[in-house]
């Protein structure tokens, strides 16, 4: 990302970051009760979620 783009893109707010983290917890409740998780679904979701997090952090 160019320096000019960074200046125009606002930094992520703590609320935005909290929402992303809460999404990860809410999306996979199976971890709370030690249930099986479909690995392919998790990897697919995580790759998309990670890209959104990475984009948000790059705007910082």
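Readers should treat all values here as calculations from the given coordinates under stated rules, not as data from a laboratory. All values derive from a computational prediction rather than experimental measurement. Cβ coordinates were reconstructed from backbone atoms using ideal geometry, including for glycine residues, and neighbour counts include every protein chain displayed.
Would you mind getting me the FRET efficiency between residue 17 and residue 50? Use the beta-carbon distance for r and R0 = 22 Å, nearest 0.05.
Values: r = 14 Å, r/R0 = 0.63.
That pair, residue 17 with residue 50, gives E of 0.95.
Give the value in nm², to one decimal: projected area of the alpha carbon convex hull of region 3-58, averaged over all directions.
Reported value for the Cα convex hull: 4.4 nm².
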